[in-house]
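Trainee: Take this structure, written in structure tokens, and hold onto it; I'll ask about it next.
The values are calculated or read from the model by the stated rules, or taken from the named source; none is laboratory data. None of these values were measured; they are calculated from a predicted model. What goes into the accessible areas is simple: the full protein's heavy atoms, side chains included, and nothing from ligands, DNA or RNA. Shrake-Rupley method; radii C 1.70, N 1.55, O 1.52, S 1.80 Å.
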Amino acid sequence: MRKSSKDCRADRASVNSRIQAEADAAIKAPPVMSFTATNPAYTYTSLCLDPKRRKPPARKKVQHEAFR
């Protein structure tokens, strides 16, 4: 069965309002604080734009205790 033009407009309006609601929720959400969002691209590689971040930080050596 074919939809009438009124039905098509109503469907389109509901889809647009749902998309707008999702966009509003995304705007109100807190900013992303993941490693990739807060650091430059290619961190710890020779291609990194920040010269200070071309080499990874030194790792601390952890001594593991033997389990008995």
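Trainee: Over the chain, with a Gaussian network built from C-alpha contacts below 10 Å, which listed residue (ALA37, ALA29, ALA13) shows the highest mean-square fluctuation?
Mentor: It is ALA13.
Trainee: Just to compare against my own numbers: the Cα pair-distance distribution for the chain, 10 Å bins, whole % per bin, please.
Mentor: Percent of Cα pairs in each bin: 15, 18, 16, 18, 14, 10, 6, 2.
Trainee: I would also like to ask the following. Spelling out what I want: for every residue of segment 14-26, take phi, set θ = phi - 60°, compute 6.51 cos²θ - 1.76 cosθ + 1.60 (Karplus), and round to whole Hz; glycine and proline get x.
Mentor: Values, residue by residue: 5, 5, 5, 5, 5, 4, 5, 5, 5, 5, 4, 5, 5 Hz.
Trainee: Setting aside same-chain residues fewer than 8 positions from LYS52, which lysines have a Cα under 21 Å from its Cα?
Mentor: LYS60
Trainee: Enter the accessible area per residue of the chain (Å², integer; probe 1.4 Å; all protein chains in place). All intermediate terms of the calculation are to be shown ahead of the outcome.
Mentor: Working: 7190 Å² over 68 residues.
On a per-residue basis, 106 Å².
Trainee: Also: Roughly speaking, to the nearest percent, how much of the chain's 1.4 Å accessible area is carbon and sulfur?
Mentor: Its accessible area is 58 percent carbon and sulfur atoms.
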